[in-house]
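Undergrad: I'd like to ask some things about the structure below.
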Amino acid sequence: MAAPSLDVVVALAKRRGFVFQSSEIYGGLNGCWDFGPMGVELLRNLKEAWWQAMTSREDIEGLDAAILMHPRVWEASGHVEQFTDPMIDNKVSKARYRADTLIEDFIAGLRSKGKHQEADYWEERLRAASQPQDYYRIILDAQIPDPVSGTREWTEVRNFNLMFKTFIGPVEDDSSVVYLRPETAQGIYVNFLNVLQTSRQKIPFGIAQIGKAFRNEVNTRNFLFRTREFEQMEMQYFVKPGTEQEWFDYWLQERYRWYLQLGIPAERLRIRPHEKLAHYAAAAVDIEFLFPFGWGELEGIHSRTDFDLRRHMEFSGKRLEYTDPITRERYIPYVVETSAGATRSFLAFLCNAYDEELIPEERGTTEKRIVLRLHPFLAPVKVAVFPLVNREGMPERARKLYEELRRHFRAAYDDSGAIGRRYRRHDEIGTPFCVTIDGQTLQDDTVTIRDRDSMEQVRVHISNVVQYIRDHLVLQPV
Ligand code: ATP
């Protein structure tokens with residue numbers, strides 16, 4: 001089918017226990033979401049796929065750094081000064097916007113009306129904008145109205161720092177300010193020497209980390225796409241200066257392949273070079289996914305030179321250098337980073353997997369089904385076991401098989417309702433295999449395994465079920 005709307009994905013996520021609004025009984029908290037019983041499994045599987053891809057390699061070590069870090073870290077990284085978004089308020093509706101997003105939406109509106117020349121002009125101006133007053137001028141010159149009230153009564157544009165601030169210890173003053181990390185990468189840079197010395201890695205090598213990050217986004221939107229609390233999967237690869245382009249190309253291909261391997265088709269992925277490069281960046285591209293609301297970044301691949309280590313060297317006074325064990329050459333390594341969103345890719349995998357189709361007759365039902373075509377590795381539940389009927393010894397056999405399967409995989413047992421209804425329930429959460437115990441099982445110890453996507457059934461001996469499922473969970477190279 002064509003890509004689903006975001007609304008149907010959100011509805012399924014809620015209905016089947018993937019994602020709930022944070023603090024829902026209190027009306028929710030903007031930009032924060034809770035992962036329910038199915039969601040937490042999917043998210044863990046996704047992170048596991050990334051962790052395996054990274055740390056099963058000889059040249060990458062793992063790390064789990066604290067969320068709260070020394071405040072100087074964020075001065076060195078440039079976040080205190082520069083991690084800002086331009087913000088504007090409408091005086092009538094009191095609605096608050098990111099000024100650049102307001103302009104982008106206005107341009108998209110022009111394009112949808114076929115006014116491409118006008119759109120090109122404002123896009124050019126937007127590309128050149130960097131200071132609050134640049135955005136302000138565009139909003140005035142283009143006479144952009146507030147989408148809520150329709151009025152053009154705007155406040156000035158101000159820069160707004162996205163880091164959440166809090167205090168360490170009982171006294172709330174300037175000297176006790178700490179930040180919730182807005183990215184996991186800095187935990188890696190500040191541990192560069194520790195990991196180098198304890199792991200005995202040699203350059204080139206990488207450090208991988210998965211963890212929560214927090215950004216006080218001006219506007220959250222599109223469900224899990226832009227939230228205030230989210231999870232990142234980042235890897236910093238330390239290389240010899242001069243080899244960074246080669247590693248950049250390598251990691252871009254590796255990361256692109258990872259999404260393909262987990263079932264996202266090439267036509268829903270694209271690689272997009274950054275239009276504006278940060279002053280320290282040698283190269284930067286995004287891997288984007290075609291979400292129901294358009295293309296959006298999943299991951300950034302950045303060639304960051306020695307900017308980060310050099311800054312931390314300046315601010316900490318520690319020598320963050322590497323000595324080549326053979327040539328004795330001493331240098332500050334360059335960094336190629338792969339920076340992905342775990343919760344954002346969760347949304348991509350969910351949107352990509354969602355499908356609706358009219359099903360042919362399947363055991364007496366003719367109806368539409370919703371099916372999550374998740375890669376079996378990602379699926380929250382790998383196998384469901386059903387007794388065909390609740391008598392003649394079938395439930396006992398089914399429970400026995402379920403107990404065995406449960407030792408190997410996330411499994412479910414379901415004996416309520418018609419068999420078609422049970423299939424539908426498991427289709428909706430993406431369970432790749434449903435095993436049914438029927439009359440024949442009692443005679444010859446065979447069961448049927450029904451494939452979620454093709455709905456075809458194969459008969460296998462009960463003792464082969466574990467191996468059959470295990471074989472299908474393997475991530476095939478692409
Ligand atoms: P954007 O331009 O979308 O704000 P960014 O370029 O600031 O993203 P990075 O700082 O490169 O993003 O962060 C790396 C990854 O972290 C992004 O590709 C995305 O997957 C994820 N990410 C960043 N901000 C958010 C957010 N507010 N909510 C969910 N995921 C996020």
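Undergrad: Using Cα pairs under 8 angstrom and six or more residues apart, how large is the relative contact order of the chain, in percent? List each step's numbers first, then the result.
TA: Numbers: 840 pairs, mean separation 66.2, N = 478.
After rounding, I find 14 percent.
Undergrad: Using the Cα centre as the reference, give the magnitude of the dipole from point charges on the C-beta atoms of the stretch 344-478 (Lys, Arg: +1; Asp, Glu: -1; all else neutral), rounded to the nearest 20 debye. Could you put the intermediate results ahead of the total?
TA: Details: 21 positive and 21 negative charges, 100 e Å.
With only Lys, Arg, Asp and Glu charged at Cβ, the dipole is about 480 debye.
Undergrad: Also, I was wondering about something else. Using only Cα atoms and rounding to the nearest 10 degrees, what angle (0 to 90) does helix 342-353 make with the longest principal axis of the chain?
TA: Compared with the principal axis, the helix lies near 50 degrees.
Undergrad: Nothing charged except the Cβ atoms of Lys and Arg (+1) and of Asp and Glu (-1): what's the magnitude of the dipole of the stretch 128-187 about its Cα centre? Round to the nearest 20 debye.
TA: Result for the stretch 128-187 is approximately 140 debye, rounded to the nearest 20.
Undergrad: I need the shape label for the stretch 364-429. Rule: rounded when a/c is under 1.5, else prolate if a/b > b/c, else oblate, with a, b, c from the alpha carbon gyration tensor. Each step should come with its number before you reach the end.
TA: Working: a/c = 3.58, a/b = 1.11, b/c = 3.23.
It is oblate, given that a/c is not under 1.5 and a/b is not larger than b/c.
Undergrad: If each residue's Cβ is checked for other Cβ atoms within 10 Å, how do Leu68, Leu320, Leu180 rank with the fewest at the top?
TA: On the way: Leu68 13, Leu320 21, Leu180 18.
If I rank by nearby Cβ atoms, fewest first, I get Leu68, Leu180, Leu320.
Undergrad: Taking neighbour counts of Cβ atoms within 10 Å as a proxy for exposure, in what order, fewest first, do Phe205, Phe293 appear?
TA: Going from sparsest to densest Cβ surroundings: Phe293, Phe205.
Undergrad: Expressed as an acute angle from 0 to 90° and rounded to the nearest 10, what is the orientation of the C-alpha long axis of helix 37-55 relative to the principal long axis of the chain?
TA: 70 degrees
Undergrad: If you don't mind, there's one more thing I want to ask. Taking a ≥ b ≥ c as the square roots of the eigenvalues of the Cα gyration tensor of the stretch 154-291, is the shape rounded (a/c under 1.5), prolate (a/b larger than b/c) or oblate?
TA: On the way: a/c = 1.86, a/b = 1.19, b/c = 1.56.
It is oblate, given that a/c is not under 1.5 and a/b is not larger than b/c.
Undergrad: Run the reach check for Lys47 against lysines, Cα to Cα strictly under 28 Å, same-chain hits fewer than 8 apart removed. What comes back?
TA: In chain and number order, the partners are Lys14, Lys165, Lys202, Lys212, Lys382.
Undergrad: Another one. Helix 244-261 versus the longest principal axis of the chain: what angle, 0 to 90°, nearest 10, using Cα atoms?
TA: So the inclination is approximately 30 degrees.
Undergrad: Right, here's the next one. Neighbouring Cβ atoms within 10 Å as the yardstick, rank Val385, Val478, Val171, Val177 fewest first. Mind showing how you got there, number by number?
TA: Details: Val385 26, Val478 11, Val171 8, Val177 15.
The fewest-first ordering by Cβ neighbours comes to Val171, Val478, Val177, Val385.
Undergrad: Provide Rg over Rh for the stretch 390-474; use the alpha carbon set for both Rg and the Kirkwood Rh (inverse mean inverse pair distance).
TA: Checking Rg against Rh, the ratio lands at 0.92.
Undergrad: Using the Cα centre as the reference, give the magnitude of the dipole from point charges on the C-beta atoms of the stretch 180-236 (Lys, Arg: +1; Asp, Glu: -1; all else neutral), rounded to the nearest 20 debye.
TA: Roughly 40 debye, rounded to the nearest 20.
Undergrad: With n ≥ 4 as the cut-off for DSSP H runs, can you work out [θ] at 222 nm for the chain, using -39500 (n - 2.57) per run divided by the number of residues, rounded to the nearest 500?
TA: Per the formula, -10500 deg cm²/dmol.
Undergrad: Pull out a ≥ b ≥ c, the square roots of the eigenvalues of the alpha-carbon gyration tensor of the stretch 79-146, then state rounded if a/c is under 1.5, prolate if not and a/b is larger than b/c, and oblate in the remaining case.
TA: Note, shape of the stretch 79-146 comes out oblate.
Each reported figure results from applying straightforward, stated rules to the coordinates on display, with no laboratory input. No experiment lies behind these values; they were computed from the predicted model shown. Don't worry about glycine lacking a Cβ; one is built from the backbone with ideal geometry, like all the others, and counts go over all protein chains shown.
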